[in-house]
Every structure is written in C-alpha cells, then in structure tokens.
Amino acid sequence: MNAEVTLFEQFSNISHRFLQEGWMTHVETFAINFIVAGLIYWIGSFIINLLLKGFHRVAKKRRMDVELQHFLDGIIRIGLKFALIIIALSELGIDTTSLLAVFGAAGLAIGLALKDSLSNVASGVMLIWTRPFRIGHLVEIGKARGFVEKITLFNTTLRTPDNKQVTIPNAKIHQDTIINYSANATRRVDIIIGISYDDDVQQARQLILQVIEKNTYTNKEPAPVIAVSELGDSSVNILVRVWTAKETYWETKWSLIEGIKLSFDEQGISIPYPQRDIHLIQNNLNNQE
C-alpha cells in the first residue's frame, strides 16, 4: 500500500512541475530521457543476447545437459532483463525503489504459494547438475522401475518394461533411493541351478562351464563363478555368476538358463522340483463287533 501511495505521489509531483515550471521544458527533458532510456534498453538487450550466446558456447564445450542450459538461460535472461528495465526506468526519472518493493512483495507471495513447485524445480536442477541418471538409463526409484524418457524441471518420466508411463515429482526423487542399472558398462548375472542329491556335482559344474564358454554374451573377465551355494530340502543348489554388457543382461540370463537345461537333459542330470516323502504308519486295530 505504501509503495502504491509513493508511486501516486511521484506522478502527482511530475504533473505539478509540468504546470508550475512550464510544460514545454519538461516535454523536451522527458523526450531526451525517453530516447536515452530506449537506447539503454536496446544496447542492453544486444549485450544480454551476446552474453547468452557466450554462455551456450561454454555450455556446449563442457557438455552441459540441454535441460540445465534452458533453465539457466531463462534465469539469466530474466534477471538481466529485469535489471535493464530498472535502469531504463530510472533514466526516465522514476524512483525504482518503490517498484523494487512491489516486486519483492509479489515475489514473496508467489514463492509461498508455489512452495511445492519451487521445491520440484530446485530438485530438478540438482538432478540435472549431479546426473544420477540420464535419458535412456534403466533406473529404480522407490517402487517405480523403468527407462528414463524425460527430465524436466518439475518431474521425471519413466517408461516401464511393459510400456507404461510413470511420472515422478523431482522432489520425491531427490529424497528417495535411486538405483541405476545402466550407470556402469557391465552387469553381473546371478543364476541358481538345483540338481538332485544323486547327481555328480563336478559333472554338473563342468557342463555349466561349457555352456558359459559357448555363450557369446558372457565376458571372459571377471572369470565366471560356479559354486555350491546351498544344500536345499530337495536339491543341491549351484550358484552361477557371470559378467556381461549392460545391454545384453537379459539375453545372457535367458540363454544361459536354456543352455544349462538342455545340457543337463542330454547328460541325464535332473533338476528336481520340491517334493516330500510321506510315510504312512498303519496301526492294527482289533475290530470289535
């Protein structure tokens, strides 16, 4: 309210001077100030565009994400334009202190009203800056798992393996645990194979190793691991660990499981299913008539 009164008083004083001191003199002065303010704004806008072009060149050299470039471009452009307008208005003889007070109060009110949205924006900037994941990465965030399709200042969009779209607010992502399956070039494939207690463990190990060596997806290094991991209720469980490229994780797992099953069938090694032996105890009871 005080700012509005101050602005009103400024315009009243200007009108009063026009009437008291002669309007022609003030028109000439105002015209000159208006031209100077226009030149300041035009030259300032040209300089701002040059600065933004320089910023984009530096950002491209440093391989900054496009989303972060756009965000910083908007922030820099708005800030510099606002400062330029204040300078141009001051050249016209307007007291910019009142304007700054009005804009400050409006900014505070908008900030309080959009608190959650601003939290998402801040988290979006942190995600773009720290890069815990990128477009195309397979990630798991909370209960959501999928490929990153889009990262904006407010939310991140995932595409699940069954082609569903999941949109997550950036503030929630920033506070949650992020598992990135695509961050490294290789991944480890773990498979548990159960064989019968009557089968030869060493023979099974050799057959599994042959299947791994013939598989085109598995890496030679690190070397595969084949070890008895558990003596289960119905089977001897053998742990198989191999490494492969992140792009061929599922192809590696599926082909190894199929290859081991076919190899075991050829050599007569059984993969038992859970079973129980039930012993019936019959009591001879004297039938009484």
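The values are calculated or read from the model by the stated rules, or taken from the named source; none is laboratory data. Because the structure is predicted, anything quoted here is derived from the model rather than measured. Counting neighbours? That spans all protein chains shown, and the Cβs are built from the backbone with ideal geometry, glycine included. We work out accessible area using only protein heavy atoms, side chains counted, and drop any ligands, DNA or RNA first. Shrake-Rupley method; radii C 1.70, N 1.55, O 1.52, S 1.80 Å.
Residues Leu209, Leu158, Leu153: which one is closer than 15 Å to Ile128 by Cα and aliphatic (A, V, I, L, M)?
Details: Leu209 fails: closer than 15 Å to Ile128 by Cα; Leu158 fails: closer than 15 Å to Ile128 by Cα.
Of the residues listed, the single one that is closer than 15 Å to Ile128 by Cα and aliphatic (A, V, I, L, M) is Leu153.
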*For segment 170-181, how many residues meet the condition of being open to solvent by less than 60 Å² (accessible area, probe 1.4 Å), of a type outside the set (S, T, N, Q) and touching a strand residue (DSSP E or B) at 6+ places or on another chain (Cβ under 6 Å)?*
4
*When you look at Asp116, is it modelled with pLDDT under 65 and of a type outside the set (A, V, I, L, M), yes or no?*
yes
*Can you tell me which residue within segment 182-208, out of those that are within 39 Å of the chain's Cα centre (by Cα) and open to solvent by 50 Å² or more (accessible area, probe 1.4 Å), is farthest from Ala122 (Cα to Cα)?*
Ile192
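Among the residues of segment 209-235, count how many are touching a Lys or Arg at 6+ places or on another chain (Cβ under 7 Å) and open to solvent by 30 Å² or more (accessible area, probe 1.4 Å). Walk me through it before giving the result.
Keep residues of segment 209-235 that are touching a Lys or Arg at 6+ places or on another chain (Cβ under 7 Å), which gives 224-226.
Checking the rest, the ones that are also open to solvent by 30 Å² or more (accessible area, probe 1.4 Å) come to 224-225.
The total comes to 2.
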_Any residue that is touching an Asp or Glu at 6+ places or on another chain (Cβ under 9 Å), among the small types (Gly, Ala, Ser) and open to solvent by 40 Å² or more (accessible area, probe 1.4 Å) - is there at least one of those in segment 129-139?_
yes
*Given the conditions (1) at pLDDT below 90; (2) closer than 29 Å to Gly142 by Cβ, which single one is not true for Val189?*
(1)
*Only helices (runs of 4 or more DSSP H) wholly contained in segment 1-107 count here; list those with 3 or more residues that are at pLDDT below 65 and over 23 Å from Gly124 (Cα atoms).*
2-21, 23-61
*Give segment 146-169 a look and list any residue that's under 17 Å from Tyr249 (Cα atoms), open to solvent by less than 70 Å² (accessible area, probe 1.4 Å) and either of a type in the set (D, E, K, R) or part of a loop (DSSP other than H, G, I, E, B) (or both), or say none.*
Thr160
